[in-house]
Amino acid sequence: MSEKIKFTIDGKECYAEPGQNVLDAAADNGVYIPSLCHVRGLIPAGSCRICNVKIAGRNMTACTTPVEEGMEIENDTAELQDMRKAIVEMLFVEGNHFCPACEKSGNCELQALAYRFQMMVPRFPYEFPLRKPDSTAPKLWIERNRCIKCKRCVRSIKTADGKNIFAFRKRGHEVEIQIDHELAAQMTDEEAKKAADICPVGSILYKEKGFSEPIGTRKFDKNAIGSDIEKVV
Amino acid sequence: MTKKITIEPVTRVEGHGKVTIHLDENNNVVQSRLHIVEFRGFERFVQGRPYWEAPVLVQRLCGICPVSHHLAAAKAMDVIVGAGTGEGLTPTGDKMRRLMHYGQMFQSHALHFFHLCSPDILFGIDADPAIRNVIGVIQEFKDLAVQGVMMRKYGQEIIKATAGKKIHGTGAIPGGINKHLSQEEKDGFLNGADPLNIDKMIEWSKASIDLFRDYHAKNKELVDSFAAFPSNHLSLVRKDGALDLYHGVLRAVDAEGKKILHDVDYQDYLKYIGEEVRNWSYMKFPYLLEFGEQEGWYRVGPLARLNTCDFIPSPLAQKEFEEFKAYTNGKPNNMSLHYHWARLIELLHSAEMMKELLNDPDLMEGELTTKGKKQNEGVGLIEAPRGTLFHHYKINEKDEITMANLIVSTTNNNDPMNLAVKSVAENMISGESKITEGMLNAVEVAIRAYDPCLSCATHALGQMPLEISLFDKSNQLIDRKRN
């Protein structure tokens, strides 16, 4: 068994497995670093930038940075928290996120982070982009208005022989999520549900099941995002 | 010289509206209109959305009666998912929705009567506006004000227990409901500490009818003649003719009580109902096709419901219903202020129905949803607090809504409200050269008797003040009052 690596987060002594990234290691030590694109077990993408921490004076994404012996990490500082909040606000203004009628409400990680950061009104102007949903797949509704381009679906939802079912198309500011209609038509209920569940927002919807989870029992109805990690240790 | 009076905006209602009254050289009323001056557009922007989102999205057009829209849309989606109309749901689905609806009816009727209309009854139509408001009621009639608030709270708590939230919940889903009632919730509603228990709600509902009865006895001429005019009446009734606010068949009677729409399936409403557009209002004018635009208009809401139904299936409300019917010798009641009487009888009925449902074990266990062969079109009808509410949707093979048509209660009452305004204008303003505040309020009293909810009819946000302006023959403003 390999020896654990010793590091600190905001002065707290922590231990990590060799090769473990800062975000996962922090969680194992009961420290919550917010993130939208990272899912433990997937190769980190570093795309949402919300997990930014400060290491040796530099901003680094916690999900893509391996822990090193003696590393001193700043996480819960006013500067970092405001920067994270600003990113959440940017995500809200950059898409069309109308929580009141969204079936992911209560289970949405973006909404939960906005609550955690006590976001009231974004500091940036709304863009109200024109985006068209794709409802062609028999089991999934692709709601591009809410996509935050985290690539969780691209990285994790594949066919048995390893083909991607989801991909990005277009470039830069216009990049959007696309589903392979032929492969999507062959998805099982279980695969479709997995795709909807992996999406942190209401961008991949499992058709005809919206709102079946009553208010009060949804993931973030009673517990703030990250509170499960902070309870650990 | 002719004059034009504009009342804009109308107070103690929800939404934006204005009234214009045209007078001739002798100050006789030649034309009066209630204009709905806001635009909502839900019918358009629901297009392209997934069908299962409609019950949650469309209810956002109202903050007072969202449950009605939530349930009407859900009923339409029941048809789309092949669960059929009301009878097709599981007992739990049907009864939880009914409990939600009666909670909604109870809180909305309490709000309508106590918060919005009781100042006119308690202080008088022409009383000082400084006290003729809900704050005045709280100061002068504290016990009554508390009753109003607590009755509304009880209804709202019922909604929360069934829909998940007091306003804009998510309980009704296509084909049923998403939760059961817990034992704790049931016990609280049935046996909660005073006053929040069902027996107290029934007692207070009865007392509110006594309050109206007392007002009626003291102001018989006013109550019986104020905006009284013959009309057709339309509502849902249960298949056996009973009052049913959640599900049934469509029935209409004329001013004499003759059936003119014979208990038809509301899925076919387009065979019977047309909508006329007039260029001075964002609200359409529905009418019974068979009788045309001129003769086919009708009233909806509590008064219409008690005029169309044969009986009320709850004992205490039935007793009140018998007295109500006896007052007009069994004929339809065409007196606008009697809307309040009918509304309070329905308040009592709703309380009785809630008690019956709360004692039903189906609420706490059983299948929540059902479905069958998918359809591409569905109509949902419900009796909302202000009247019959139509939701009609079409979807495509990709589950996108391609068409939505909403005929809301206020829209159904468009012609009657215009006639009520005309009646009050002719009786109280005709021949007068100076507008008094009491005059202005009388017009509003007529509108409030029907409906305090203008915004949902046009698919607005904000305050709802009333303004009256006086115009001469060449449409020049010569006087204006605004509160």
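With the cut-off at 1.5 for a/c, could you classify the range B:346-461 from its C-alpha gyration tensor as rounded, prolate or oblate? Can you show the working numbers first?
Working: a/c = 4.14, a/b = 1.75, b/c = 2.37.
Oblate, since a/c reaches 1.5 and b/c is not below a/b.
Which whole-Hz ³J(HN,Hα) couplings does the range B:308-325 yield from phi under the Karplus relation 6.51 cos²θ - 1.76 cosθ + 1.60, θ = phi - 60°, glycine and proline marked x?
Result, rounded to whole Hz: 8, 6, 8, 7, 10, x, 8, x, 5, 5, 4, 4, 5, 4, 4, 5, 4, 5.
For the range A:85-206, take the alpha-carbon Rg, divide it by the Kirkwood Rh, and send me Rg/Rh.
Details: Rg = 14.6 Å, Rh = 15.0 Å.
For the range A:85-206, the value is 0.97.
Would you mind getting me the FRET efficiency between A:R49 and B:Q47? Use the beta-carbon distance for r and R0 = 51 Å, nearest 0.05. Please list the in-between numbers first.
Numbers: r = 36 Å, r/R0 = 0.70.
Once rounded, the FRET efficiency stands at 0.90.
For peptide A:199-212, what's the mean number of Cβ atoms from other chains within 10 Å of each residue's Cβ? Please report the intermediate quantities before stating the final value.
Numbers: counts 0, 0, 0, 0, 0, 0, 4, 0, 5, 11, 3, 9, 13, 11.
The shielding value for this peptide is 4.
Please list 3J(HN,Hα) in residue order for the range A:138-147, calculated via the Karplus relation 6.51 cos²θ - 1.76 cosθ + 1.60 where θ = phi - 60°; whole Hz, with x for glycine and proline.
Karplus-based 3J(HN,Hα) across the range A:138-147 equals x, 10, 10, 10, 8, 9, 5, 4, 10, 6 Hz.
Take every Cα pair under 8 Å in chain A that's 6+ residues apart, average their separations, divide by the length, and report that relative contact order as a whole percent.
On the way: 396 pairs, mean separation 49.6, N = 233.
Computed value for chain A: 21 percent relative contact order.
Could you line up B:L71, A:L140 from fewest to most neighbouring Cβ atoms inside 10 Å? Spell out each step's value before the answer.
Details: B:L71 29, A:L140 26.
Ordered by Cβ neighbours within 10 Å, fewest first: A:L140, B:L71.
Among B:G296, B:M105, A:I87, whose Cα sits farthest toward the positive end of the charge dipole of the protein assembly as shown (+1 at Cβ of Lys/Arg, -1 at Cβ of Asp/Glu, about the Cα centre)?
The Cα lying farthest towards the positive end belongs to A:I87.
Give me the distance between the Cα centres of the range B:188-236 and the range B:427-445, rounded to whole Å.
27
On a 25 Å Cα-Cα criterion, which of the cross-link pairs A:K207/B:K355; A:K4/A:K151; B:K239/B:K271; B:K153/B:K206 come out too long?
On the way: A:K207/B:K355 37 Å; A:K4/A:K151 31 Å; B:K239/B:K271 19 Å; B:K153/B:K206 17 Å.
Beyond 25 Å between Cα atoms: A:K207/B:K355; A:K4/A:K151.
Report the charge-dipole magnitude of chain B in Debye, nearest 20, computed about the Cα centre from +1 at each Lys and Arg Cβ and -1 at each Asp and Glu Cβ. Kindly include the intermediate steps, with their values, before the conclusion.
Working: 55 positive and 63 negative charges, 172 e Å.
My answer is approximately 820 debye.
Go ahead and run the numbers for FRET between B:V30 and B:E367, Cβ-Cβ distance against an R0 of 51 Å, rounding to 0.05. Before the final figure, lay out the partial values.
Values: r = 61 Å, r/R0 = 1.19.
Once the sixth-power term is evaluated, E becomes 0.25.
Taking the Cα centroid of the range A:9-67 and of the range B:282-335, what is the distance between the two, rounded to the nearest whole Å?
With the range A:9-67 and the range B:282-335 each reduced to a Cα centre, they are spaced 67 Å.
Let me know the mean shielding of B:397-405 by other chains, meaning the per-residue number of their Cβ atoms within 10 Å of its Cβ. Walk me through the intermediate numbers first.
Values: counts 3, 8, 6, 3, 0, 0, 0, 0, 0.
Mean number of neighbouring Cβ atoms from other chains: 2.
What percent does the relative contact order of the range A:85-206 come to when contacts are Cα pairs within less than 8 Å and at least six residues apart? Spell out each step's value before the answer.
Working: 172 pairs, mean separation 35.7, N = 122.
Once divided by the residue count of the range A:85-206, the mean separation gives 29 percent.
Give me the distance between the Cα centres of the range A:85-142 and the range A:145-213, rounded to whole Å.
What the calculation gives is 16 Å, centre to centre.
Which net charge results when you count Lys and Arg as +1 and Asp and Glu as -1 among the other residues whose beta-carbon is under 11 Å from that of B:I312?
On the way: positive: B:R238, B:R305, B:K319, B:K325; negative: B:D244, B:D310, B:E320, B:E322, B:E346, B:E352.
Neighbourhood net charge equals -2.
Between B:I131 and A:H181, how many nm apart are label points set 7 Å from Cα along the C-beta direction?
Those two pseudo-labels are separated by 7.2 nm.
Ignore the peptide's own chain and count Cβ atoms of other chains within 10 Å of each Cβ in B:47-56; give me the average, rounded. Numbers along the way, then the final one.
Working: counts 0, 3, 5, 9, 3, 9, 8, 1, 3, 7.
Mean inter-chain Cβ contacts per residue within 10 Å come to 5.
How large is the dipole of the range B:199-345 about the Cα centre if only Lys and Arg carry +1 and Asp and Glu carry -1, each at its Cβ, rounded to the nearest 20 debye? Intermediate results must be reported in sequence, preceding the final value.
Working: 19 positive and 22 negative charges, 44 e Å.
Taking the Cα centre of the range B:199-345 as origin, the dipole is about 220 debye.
Treating only the Cβ of Lys, Arg, Asp and Glu as charged (+1, +1, -1, -1), what charge dipole size does the protein assembly as shown show about its Cα centre? Round to the nearest 20 debye. Let's see the in-between values first.
Details: 89 positive and 97 negative charges, 263 e Å.
Here the size comes out at about 1260 debye.
Quick one: if you take sqrt(5λ) for each eigenvalue of the C-alpha gyration tensor of the protein assembly as shown, what semi-axes come out, biggest first, whole angstrom?
Numbers: eigenvalues 568, 153, 133 Å².
With the √(5λ) rule applied to the protein assembly as shown, the semi-axes are 53, 28, 26 Å.
Quick one: which residues, 5+ away or cross-chain, put their amide H under 5 Å from the amide H of B:M403? H built at 1.01 Å from N.
Close amide H contacts, sequence-distant or interchain: B:K394.
Could you compute the net charge surrounding B:R97? Neighbours are other residues with a C-beta less than 14 Å from the C-beta of B:R97; K and R count +1, D and E count -1. Can you show the working numbers first?
Numbers: positive: B:K75, B:K95, B:R98, B:K179; negative: B:D78, B:E87, B:D94, B:D244, B:D360, B:D362, B:E367, B:E383.
That sum, taken over residues with Cβ under 14 Å, equals -4.
What is the fewest-to-most order of A:M187, B:M201 by other Cβ atoms lying within 10 Å of their Cβ?
Details: A:M187 21, B:M201 27.
By the 10 Å Cβ count, ascending, the order reads A:M187, B:M201.
With θ set to phi - 60°, apply the Karplus curve 6.51 cos²θ - 1.76 cosθ + 1.60 along the range A:108-123 and write out the HN-Hα couplings as whole Hz, x wherever there is a Gly or Pro.
With coefficients 6.51, -1.76 and 1.60, one gets 8, 6, 5, 4, 5, 5, 4, 5, 4, 7, 6, 5, 9, 10, x, 7 Hz.
Would you work out which of A:I50, A:A26, A:F7 lies farthest towards the positive end of the dipole of the range A:5-76, given +1 charges on the beta-carbon of Lys and Arg and -1 on that of Asp and Glu, about the Cα centre?
Of the options given, the answer is A:I50.
How far apart, in nanometres, would the label points at A:Q118 and A:N59 be if each is projected 7 angstrom from Cα along the Cα-to-Cβ direction?
The answer from the label model is 2.2 nm.
Would you calculate a helix-derived [θ] at 222 nm for chain A, using -39,500 (n - 2.57) for each DSSP H run of n ≥ 4 and dividing by the full residue count, to the nearest 500? Kindly include the intermediate steps, with their values, before the conclusion.
Working: 7 runs with 57 residues, N = 233.
So the helix-based figure for chain A works out to -6500 deg cm²/dmol.
So what does log10 I(q)/I(0) come out to for the range B:260-385 at q = 0.12, 0.16, 0.19 Å⁻¹, using the Debye formula with one equal point on every Cα and no solvent?
So the normalised log intensities are -0.68, -1.04, -1.19.
Which residues' amide hydrogens lie under 5 Å from the amide hydrogen of B:I173, considering only partners 5 or more residues apart or on another chain, with H built in the peptide plane?
Those qualifying (amide H under 5 Å, at least 5 residues apart or on another chain) are B:N178.
Return the long-range amide H neighbours of A:I215 (sequence gap of 5 or more, or a different chain), with a cut-off of under 5 Å between placed amide H atoms.
B:T170
Pull up the cross-link candidates among the lysines for B:K220, meaning alpha carbon to alpha carbon under 18 Å and not fewer than 8 places away within one chain.
Candidates past the 8-residue exclusion: B:K325.
Throughout, read-outs are computed from the coordinates displayed, never taken from laboratory work. Quick caveat: nothing in here was measured; it's all calculated off a predicted structure. Note that each Cβ is placed from the backbone with ideal geometry, even for glycine, and that neighbours are counted across all protein chains shown.
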